[in-house]
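See below for the structure under consideration.
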Amino acid sequence: MPLINSFQKFDTIEKIDFQEKGFLVKSCENQGGLVELRETVIRLICEHTGLPDTGAPTDFFNSIHLQVGKEGINDLRMSLYNSLNKEGWFRPTYYSFAKSIIETIIGNELAMQNRINLNIMMPGDAGSYIPLHSDPHSGESPFQCVLWIPLTDTYDTKGVFLLPPEANQRALQHFKAWMKEGGRERVMQEIQHELVWAEVPFGSFLLFTPTLLHGSVINDTNETRWSFNTRFKSLFTPYGSQEKGLGSFYLPIRTTPATHFGLQYAKPAGLGES
């Protein structure tokens, strides 16, 4: 190997792309695990609702609003959320969907959110969309990334929007004034022409920095959206608050051998004293 005069020689296409856009859409790295997760969700839905498994997962998820009304959807969501987050395989399997990209973008000593969130966004439901926001505004660490994975194809208002980095920097300079003048509706008026709507087909994931303004709008498609999301961050980067700290909101999932030995090391008493 010749002499190398820049650390940028080690940059990957994914790293460069993420720094330019603030997000990546990539194919899941554990397709078999994703299919098994989707099958598990269908089984849990059928157990909770008494609905039959039709054997057509895409149609089953897209049309759930025809079988379960708005009054029952949150009970179903919480039942699924609690059942899945009790399973020891859930978080490691979720990590496996984007392991190599997470390590490229965030690092290989990692903390992961202690729960994986589930969102169900039925057509026309004004109570299920997530208004635009930037996570650090609510005490989240700006060093985290969100791994967002749908159970069917997502597009347009069935997906999520993000404000690209340069536009985001400009918007944040005016954010407080816009909020005072007209709230989030005013902010949306100012930035909507620059938003990017991420198309994420089933079998793919979206990884993004939540320092970007992002969110969703009322789903005006005729399909229900099902999506998981959770946060990862480099283990030793700052935490936004005690509430969102290590050991509560985040749990360590990976450390290197060097860190293992470093944390175990105790300097002998009196060493170095004159």
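Within the group I101, I130, which residue is farther than 20 Å from F60 by Cα, part of a helix (DSSP H, G or I) and touching a strand residue (DSSP E or B) at 6+ places or on another chain (Cβ under 7 Å)?
On the way: I130 fails: part of a helix (DSSP H, G or I).
Criteria check complete, one pass: I101.
Yes/no matrix, rows are residues, columns are (1) of a type in the set (V, I, T); (2) within 20 Å of F90 (Cβ to Cβ); (3) surrounded by 19 or more Cβ atoms within 10 Å (Cβ to Cβ); (4) touching a residue at least 24 places away in the same chain (Cβ under 8 Å):
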site: T209; (1), (2), (3), (4): yes, no, yes, yes
site: H214; (1), (2), (3), (4): no, no, yes, yes
site: F228; (1), (2), (3), (4): no, yes, yes, yes
site: S241; (1), (2), (3), (4): no, no, no, yes
site: G247; (1), (2), (3), (4): no, yes, no, no
site: R254; (1), (2), (3), (4): no, yes, no, yes
site: P268; (1), (2), (3), (4): no, no, no, no
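Of all residues being at pLDDT 95 or above and small (G, A, S) in region 61-81, which is nearest to W226 (Cα to Cα)? Just the residue, please.
In this case the residue turns out to be S63.
Given the options T93, T58, T54, name the one that is under 22 Å from F232 (Cβ atoms), among the polar types (S, T, N, Q) and either modelled with pLDDT of 95 or more or not in a helix (DSSP H, G or I) (or both).
Residue meeting the stated conditions: T93.
Considering L24, L44, L84, which residue is at pLDDT 95 or above, assigned to a helix (DSSP H, G or I) and within 19 Å of the chain's Cα centre (by Cα)?
L84
From T93, T104, which residue is polar (S, T, N, Q), in contact (Cβ under 8 Å) with a residue 40 or more places away in the chain and either within 28 Å of H48 (Cα to Cα) or crowded, with 20+ Cβ neighbours inside 10 Å (or both)?
Working: T104 fails: either within 28 Å of H48 (Cα to Cα) or crowded, with 20+ Cβ neighbours inside 10 Å (or both).
From the options T93, T104, the qualifying one is T93.
For every residue, the table says whether it meets (1) under 30 Å from P252 (Cα atoms); (2) surrounded by fewer than 21 Cβ atoms within 10 Å (Cβ to Cβ); (3) of a type in the set (V, I, T); (4) in contact (Cβ under 8 Å) with a residue 12 or more places away in the chain.
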residue: R115; (1), (2), (3), (4): yes, yes, no, yes
residue: P123; (1), (2), (3), (4): no, yes, no, yes
residue: H137; (1), (2), (3), (4): yes, yes, no, no
residue: I149; (1), (2), (3), (4): yes, no, yes, yes
residue: Q173; (1), (2), (3), (4): no, yes, no, no
residue: E190; (1), (2), (3), (4): no, yes, no, yes
residue: E199; (1), (2), (3), (4): no, yes, no, yes
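Under 7 Å by Cβ, and 6 or more places apart or on different chains, what pairs join a residue from region 66-87 that is under 18 Å from G124 (Cα atoms) and among the basic types (K, R) with one that is crowded, with 16+ Cβ neighbours inside 10 Å and at pLDDT 95 or above?
If the second residue must be crowded, with 16+ Cβ neighbours inside 10 Å and at pLDDT 95 or above, the pairs left are K70/M122; R77/L118; R77/I120.
Which of the residues belonging to region 111-127 are outside any loop (DSSP other than H, G, I, E, B) and under 15 Å from the mean Cα position of the chain (by Cα)?
A111, M112, Q113, N117, L118, N119, I120, listed by residue number.
The values are calculated or read from the model by the stated rules, or taken from the named source; none is laboratory data. Just so you know, these numbers come straight off a predicted model, no measurement behind them. Glycine gets a Cβ as well: all are built from the backbone with ideal geometry, and neighbour counts include every protein chain shown.
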